[in-house]
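The values are calculated or read from the model by the stated rules, or taken from the named source; none is laboratory data. Computed from a predicted model, the values in this text were never measured in an experiment. Cβ: placed from backbone, ideal geometry, glycine included. Neighbour counts: every protein chain shown. Note: areas computed on protein heavy atoms with side chains; ligands, DNA, RNA excluded. Shrake-Rupley method; radii C 1.70, N 1.55, O 1.52, S 1.80 Å.
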Amino acid sequence: MRRPASLVPVLTAAALLLTACGTERADSGHSGTDAAGPSSPTPMNDPGKDGVRITSLTLPPASPSPSPKRSFAVSAEGLPTHADSGIVAAYEVTNTGTKALTYSVVITFMSTSGGAMANQTATVRDVGPGKTVRGTVRAGELAPGSQRVTRAKVLEVNKVPAGEAPAPAGTCPASGIRVSADDGDAAMGLRVVGLHLDNCGKRDYAIEGYPQLQLLDDDLNPVTGIKILHGSGDITTGAGPDEQPRPITLKPGESAQAGLVWRNTTQAGTAANIPYVRVHAKPGAAPVTVTPHLDLGTTGQLGVRPWKKTQR
């Protein structure tokens, strides 16, 4: 099962980590090699999504035309694909809620025909209620044969309580325990998403049994009517046999893994789509909210597998 990866279907995402206590502006920190000099940003009329919108798009500097008059034209076409494209989108995030939130935003860079030439993810942390943060994200390296980029838009927005956001890669929270979810696997209607627990602290960490889960809707309110099953045997035999929970002690640097298993079968009734899951590694542990996007169909069931130590 894959470890946590990017949300990006087209290119590897470059995460942008920002801390927002008020209205701020920050650059992406992705240092590309732009050509001749800066070019002016073009304002974008983007309606946005969930409080996030694109405000402008900057294309790379003009390149000289081969004509004798040496006219110049701004275009992202024909850029070398072995380096940063020089394309930059400016965005703003506004928290209209009552609690501080951390946002994960997927921005897609598009051609005139609407095709996605690159997707990038920006993570904007600790946006207080009523606050706005502004920043930029670079398209990065474009795939060979990419069409000319002419616009950008917000493709996806995930937001979780700021105090429950998964720790950034390479960092360790005060608890010494890092909880995350991977991108999962899908086959024949069966979905499996791994939950990962890393002991990044300096003390042993003991767990036993199943992670405690709370399902949340788009507004981060609890979802009812879904049965959470211990094990996956009542859902499928395709995920392998159920394992019995057992005590585990993780030494510093060791990890454990659990799993979410479901089918997205849709029959009569209303399909359930659940974007967020609040995870407690064990009773009393600090919550971490992950975004597996559970498309449960009309099954009304979610299986959870117990923690087991990850083999090195």
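Along Cα→Cβ, 7 Å out, is where each label goes; now give me the distance between the ones at Arg148 and Thr249 in nm to one decimal.
The answer from the label model is 6.6 nm.
Out of segment 174-257, which trypsin sites (Lys or Arg not before Pro) are coil in DSSP terms and have no more than 11 other C-beta atoms within 10 Å?
Passing both the DSSP loop test and the Cβ count: Lys202, Arg203.
Can you list the lysines whose alpha carbon sits under 29 Å from that of Lys282, skipping same-chain ones fewer than 8 residues off?
Lys99, Lys159, Lys202, Lys227, Lys251, Lys308, Lys309
Provide His196, His230, His280 ordered by accessible surface of protein heavy atoms (probe 1.4 Å), highest first.
The ranking, largest first, comes out as His230, His280, His196.
Rg over Rh of segment 129-224, using C-alpha atoms and the Kirkwood radius, what does it come to?
1.03
Over the Cα atoms of segment 241-312, Rg to Rh with Kirkwood Rh, two decimal places?
My calculation of the ratio gives 1.05.
Considering the options Gly269, Cys200, Val290, tell which one lies farthest towards the positive end of the dipole of segment 158-312, charges being +1 on Lys and Arg and -1 on Asp and Glu at the Cβ, about the Cα centre.
Cys200
Which value, in nm² and rounded to one decimal, describes the direction-averaged projected area of the C-alpha convex hull of segment 178-289?
8.0 nm²
What is the extension gain from Lys308 to Ser113, computed as 0.36 nm multiplied by their sequence separation minus the C-alpha to C-alpha distance, in nm to one decimal?
65.4 nm
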